[in-house]
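The block underneath contains the structure these notes are about, expressed in structure tokens.
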Amino acid sequence: MTRLRLLDLVKPEVLSLTAYRAGEPRPGLIKLDANESPFPLPEELRKEVRGALDQIDVHRYPDAEADQLRAVLAAQIQVAPGAVVLGNGSDELIQLLLLATSAPGTTVLAPVPTFSMYELIARAQGVRFEGVPLGPRFEPDLPALIEAIEQLRPKVIFLATPNNPTGGVFSEAEILKIVAVAPGLVVVDEAYGSYAGRTMLPHLVDQERLVILRSLSKIGLAGLRIGYLIACPALAAELEKVRLPFNLSSFSQAAAVVLLNHHAWIDGNIREIIRERERLMGRLGAISGVEAFPSAANFILFRTTRPGAEVFEALLQQSVLVRNLGSVPCLHNCLRVTVGTEAENDQFIEALTKALG
Ligand SMILES: Cc1ncc(COP(=O)(O)O)c(C=O)c1O
């Protein structure tokens, strides 16, 4: 019997991919590379979380349906618990959506540049990914999108709004136009929606092909790995069939239930980050050799006249870590900085001014 070589056992679709690199932890740096919140849990919340974790029976499986967490989230956004599907981060929900809807050879579409996992997950499943370029300043190009949708008939369209890494948004009217022509699902990824102060949630009741993706990662709870999807209950029930049981650990569920009840802490941090984003935008605009793009998220994309890789290294030399996006098509000399605390943002601006000086 002939045996395949080890790597010939791996599907060609997977062999052709490049792994998502989140970057290694680098202690001591000002970490502005991953769109996380800069605010750690205050001591009284840590204590409350510790109390909840203490109750966990770790020899038992978690609640497979995460009923308590689902109920808290559903109540907060005022939808039926049956409309909510929970994921180990919204990454997992992207995977689950494509697993449930898109056979190999079908097409998914997104404006590009955008969050790289849409393409990676699609291609790993043998699904075609088609990117439609955003405009020259990364604004939505609705005519191009509609033409591509009519031509390619995608099963799923991903619209990240605000978009990562560009920071721009689609208006409600633009999204509704896309929903009106889409032959399949339109997934509005609101991972950064809290920083834009807008949501498509009210449209779910009369737009059954609309799906909304949310995440707790960008609002201060990245370590919990919790994402959620809201869809019409009939679709949510089908997605539940391909969700792995126990995908959220008992620890994540318990901590999230405690922390989601502390709206004031979460919302106060969001307001502070929005204030800092506007301040940072003003300061970036004052540095010559920098073009910053408008952002409604908790990060800002900017282009430098000096080669981006050199700017990235110069910032790193000064202990500031940002994301270098120079290898992404259309993003030459572009870097993305996450909005940090006031002091971190000041250090970043000082380091960038030196790097370009
Ligand atoms: C637009 C967008 N969607 C989804 C995600 C995934 O977030 P998570 O899996 O942490 O919920 C990210 C993470 O960077 C993102 O930028």
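The values are calculated or read from the model by the stated rules, or taken from the named source; none is laboratory data. Everything quoted here is computed from the prediction, not taken from an experiment. All Cβ positions, even for glycine, are placed from backbone atoms using ideal geometry, and neighbour counts span all protein chains on display. Heads up: the accessible areas ignore ligands, DNA and RNA and are worked out on the full protein's heavy atoms, side chains in. Shrake-Rupley method; radii C 1.70, N 1.55, O 1.52, S 1.80 Å.
Does Ser288 count as in contact (Cβ under 8 Å) with a residue 40 or more places away in the chain, of a type in the set (Gly, Ala, Ser), open to solvent by 20 Å² or more (accessible area, probe 1.4 Å) and part of a loop (DSSP other than H, G, I, E, B)? Judged against the criteria, Ser288 is a match.
Condition first: without any contact (Cβ under 8 Å) to a residue 12 or more places away in the chain, open to solvent by 70 Å² or more (accessible area, probe 1.4 Å) and assigned to a loop (DSSP other than H, G, I, E, B). Now tell me which residues in the stretch 1-12 satisfy that. Within the stretch 1-12, Met1, Thr2, Arg3, Leu4, Arg5 meet the criteria. Across the stretch 222-240, the qualifying residues are those that are surrounded by fewer than 14 Cβ atoms within 10 Å (Cβ to Cβ) and either of a type in the set (Gly, Ala, Ser) or within 11 Å of the ligand (Cβ to nearest atom) (or both), and the one among them that is nearest to Ala64 (Cα to Cα) is Ala237.
Among the residues of the stretch 317-330, the ones that are in a loop (DSSP other than H, G, I, E, B) and crowded, with 20+ Cβ neighbours inside 10 Å come to 2 in all. Applying a threshold of 8 Å to beta carbon distances and a minimum spacing of six or more residues, or different chains, the list of pairs starting in the stretch 89-108 at a residue that is in contact (Cβ under 8 Å) with a residue 24 or more places away in the chain and not assigned by TED's automatic domain parsing to the domain that holds Ser217 and ending at one that is away from the ligand (no atom under 16 Å from the Cβ) and open to solvent by less than 50 Å² (accessible area, probe 1.4 Å) is empty.
Conditions tested, residue by residue: (1) outside any loop (DSSP other than H, G, I, E, B); (2) aliphatic (A, V, I, L, M).
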residue	(1), (2)
Val14	yes, yes
Ala34	no, yes
Val49	yes, yes
Leu53	yes, yes
Ile56	no, yes
His59	no, no
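Conditions (1) open to solvent by 10 Å² or more (accessible area, probe 1.4 Å); (2) under 17 Å from the mean Cα position of the chain (by Cα); (3) more than 19 Å from Arg225 (Cα to Cα), marked per residue:
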{"site": "Asp91", "(1), (2), (3)": "yes, yes, no"}
{"site": "Ile94", "(1), (2), (3)": "no, yes, no"}
{"site": "Thr101", "(1), (2), (3)": "yes, no, yes"}
{"site": "Met117", "(1), (2), (3)": "yes, yes, no"}
{"site": "Leu134", "(1), (2), (3)": "yes, no, yes"}
